[in-house]
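Visitor: Dropping a structure here in structure tokens format, bear with me for questions.
The values are calculated or read from the model by the stated rules, or taken from the named source; none is laboratory data. What you see is a predicted model; the values in this text were computed from it and never measured. Neighbour counts run over all protein chains shown; Cβ positions are idealised from the backbone, glycine included. Quick note on the areas: whole protein, heavy atoms, side chains included, nothing else; ligands and nucleic acids left out. Shrake-Rupley method; radii C 1.70, N 1.55, O 1.52, S 1.80 Å.
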Amino acid sequence: MADDRHQLPNVSSESVIEQFTKKMHSLELDARERETEQRARTLGVPYFNISGLAIPPETLLLIPRARAEELHVIAFLHVGSDIRVGALAPNDPSILELAHQLAERHQARVERYAVSDASLAHATKLYDAVPDVHPVATTLSIAGADLQRLESELQNIAALPEQLARVSISDLVTLILAGAIRAASSDIHIEAEEEGVALRYRIDGVLQRVAVIPKDRWKQLVSRVKLLARLKLNVADVPQDGRITIALPDDTVEVRVSTLPTTWGESIVMRLLMSSKAGLVFADLGVRGRAFDALQHEIARPNGMIVTTGPTGSGKTTTMYAILQQLNTSETKIVTLEDPVEYKLKGINQSQIDPAREYTFARGLRSILRQDPDIVMVGEIRDLETAEVAIHAALTGHLMLSTIHTNSAAGAIPRFLAMGVKAFLLVNALNAIIGQRLVRKIHDACRAPHELSPEERDRVEQVILAMPERERAEAQGKELHFSRGAGCDVCTGSGYKGRVGLYEILTMTPEIEQAIRSENVSEREMEALANRAGMITMVQDGILKALDGITSLDEVFRVAE
């Protein structure tokens, strides 16, 4: 009788290999999850394993599939006011921007988790089971066709009050926006007063009262704006912020809405951001002559820092965008950090700071530098920490663009030193400082000659005498003929249409570098050194533009002195 005590089970070699393969695959997945968990601790974010998790379709669709696959991210939980997303790189600026958009769109708190590539791949397959459906509009919206229709019906802004009085409430907001677009306004102010509701447009940087809306339409108007901007209708005692997006056939209008409680009712301000306005090219900024050549040279350098200065509304962001547009090529990686992102720029990675989630300029800039960029634009340098990170980036092979709030190019250097920036680092990092203001351009259709008074003539001659030799000779070779705008219906009686920049470009010289190293230099001393090196000041640039008939003397002296 055969001894069968040591007989093995009848198991095929193929099934053994299959079980072994499955076991090894399971061990490999476990190792990857442990590795991801460790990486999450390093990144300072929570970890989650989403393998096998049943994610409802409505949660998945918080992020469209194409974007989820592009950014390697998934929304896996949406309960009440909480949204949780998993990503391979949860601290990447693009993920931070996506989280900010989700939070703003759904009025929710968004938490980012680190997930493994395997679990993300599993979750992404769940999109296959989601049926193709057309989204149902849950809020009101403005149709681009209605906006264009009302804009075409509006002959000029002078006719706006009459049309506002006879349109429906739904058309009232659309007509207000259409009028702002027709007038090339940057901001709309709707303010309740004792007798009525004032409607004002900021045109070429100056607020102009264009109509009074009857008081009895105020509550309906506020409700309509709040519905469009997804604000809370029953909240009137605290400020609120929202947005309206209008898609036109050849453009997109982004409307940022802000409400503020006041004595007579809520004040509404709507900022219009049109994507077409981001297309300004560098050559059209208005920088001229030697300053243009100097700035062209500086932005072509592979590293260093270019800083733009000026008060709010002086066009600093526009100048930065124009420079970025010139530098934007397929061989160059450009990343921006902004507050907020005003215009979407094709081919450029843009990220928006969010202080509520501790995504500040300084912290965001550190993350950006891990993205291997060639060029970085930081919306504003406000503190020593941001300044030091920006300067470090400029010294380590990056071209850094940013802005700082000072009155002139020369004032930026004392401001950096006052922050605590080390002088020897600043000297080696700075390429150029741009000081700028915006002046209104004379409306050609109502242009008229401007006769100089004796006081104006003396003032102009003093400015010309202080110019560098080449520009002084140019100005003295012309007759002192100036123009003004008489005013007409098209320009709403202002005499101006459009704006152009006045610029001063401060570049480094041995004398300026020596002064910076002394760590005790005033704005006045720095300006004197820059002037001796050939810098045209903003007021001098303005006089040259006024001599060319671009703007008026009144505008130059109003803005630049």
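Visitor: Rg/Rh for the chain: what does it come to with C-alpha atoms and Rh from Kirkwood?
Guide: 1.08
Visitor: What do you reckon, how do HIS443, HIS78, HIS481 stack up by accessible area (1.4 Å probe), largest on top?
Guide: The ordering from most to least exposed comes out as HIS481, HIS78, HIS443.
Visitor: Sticking with this one: Determine how large the accessible area of ARG440 is when every protein chain is in place; take a 1.4 Å probe and give Å² rounded to the nearest 10.
Guide: For ARG440, the solvent-accessible surface is approximately 30 Å².
Visitor: Give the carbon-plus-sulfur fraction of the accessible surface of segment 405-446 in %, rounded to a whole number; probe 1.4 Å, heavy atoms of protein chains only.
Guide: Ligands and nucleic acids excluded, carbon and sulfur reach 47 percent.
Visitor: Let me ask something else about it. Take each complete run of DSSP H in the chain, measure how far its Cα atoms stretch along the helix's own axis, and keep only those covering 18 Å or more with mean Kyte-Doolittle hydropathy at least -1.0; list them.
Guide: 93-106, 169-182
Visitor: State, as an integer percentage, the relative contact order of segment 240-338 based on alpha-carbon contacts under 8 Å between residues 6 or more apart. Before the final figure, lay out the partial values.
Guide: Numbers: 92 pairs, mean separation 19.3, N = 99.
Computed value for segment 240-338: 20 percent relative contact order.
Visitor: How high is the relative contact order of the chain, in percent, counting Cα pairs under 8 Å that sit 6 or more residues apart?
Guide: 10 percent
Visitor: Please give me, ordered by residue number, the trypsin sites (Lys or Arg not before Pro) of segment 155-259 that lie in loop per DSSP and have at most 10 other Cβ atoms within 10 Å.
Guide: Passing sites in segment 155-259 are ARG166.
Visitor: Could I ask something else about it? Need one word for segment 185-226: rounded, prolate or oblate. Basis is the Cα gyration tensor (sqrt eigenvalues a ≥ b ≥ c); a/c below 1.5 gives rounded, then a/b vs b/c decides.
Guide: oblate
Visitor: About the Cα centre of the chain, what is the dipole size in debye to 20, counting +1 per Lys and Arg Cβ and -1 per Asp and Glu Cβ, all else neutral?
Guide: Here the size comes out at about 440 debye.
Visitor: Now a separate question. How many Å² of accessible area per residue for the chain, probe 1.4 Å?
Guide: That works out to 50 Å² for each residue.
Visitor: Which trypsin sites (Lys or Arg not before Pro) from segment 357-398 combine a DSSP loop assignment with at most 11 other Cβ atoms within 10 Å?
Guide: Of the trypsin sites (Lys or Arg not before Pro), the ones in loops of segment 357-398 whose Cβ has at most 11 other Cβ atoms within 10 Å are ARG370.
Visitor: For segment 180-312, place one equal point scatterer on every Cα, skip the solvent, and apply the Debye formula. What is log10 of I(q)/I(0) at q = 0.16, 0.20 Å⁻¹?
Guide: At q = 0.16, 0.20 Å⁻¹ the computed log10 ratios are -0.91, -1.20.
Visitor: So, how do all the Cα-to-Cα distances of segment 400-553 break down into 5 Å bins, in percent, from 0 on up?
Guide: Percent of pairs per bin, in order: 2, 9, 16, 17, 15, 12, 11, 9, 6, 3, 1, 0.
Visitor: Considering only ALA466, ALA418, ILE434, whose Cα is most displaced toward the positive end of the charge dipole of segment 394-511, charges sitting on Cβ of Lys, Arg (+1) and Asp, Glu (-1)?
Guide: ALA418
Visitor: Taking segment 251-304, how much of its Cα-Cα pair set, in percent, is spaced more than 14 angstrom apart?
Guide: When all Cα pairs of segment 251-304 are counted, 71 percent exceed 14 Å.
Visitor: With the dipole of the chain worked out from charges on the C-beta (+1 for Lys and Arg, -1 for Asp and Glu) around the Cα centre, which of VAL556, TYR201, VAL222 lies farthest toward the positive end?
Guide: After comparing all options, I get VAL222.
Visitor: Sticking with this structure for a sec: Once Lys and Arg get +1 and Asp and Glu get -1 on their Cβ, which of PRO449, SER408, LEU260 lies farthest toward the positive end of the dipole of the chain?
Guide: Toward the positive end, the furthest listed residue is LEU260.
Visitor: DSSP loop GluC sites (Glu not before Pro) in segment 450-483 with at most 10 other Cβ atoms within 10 Å of their Cβ, which ones?
Guide: Sparse-neighbourhood loop GluC sites (Glu not before Pro): GLU451, GLU479.
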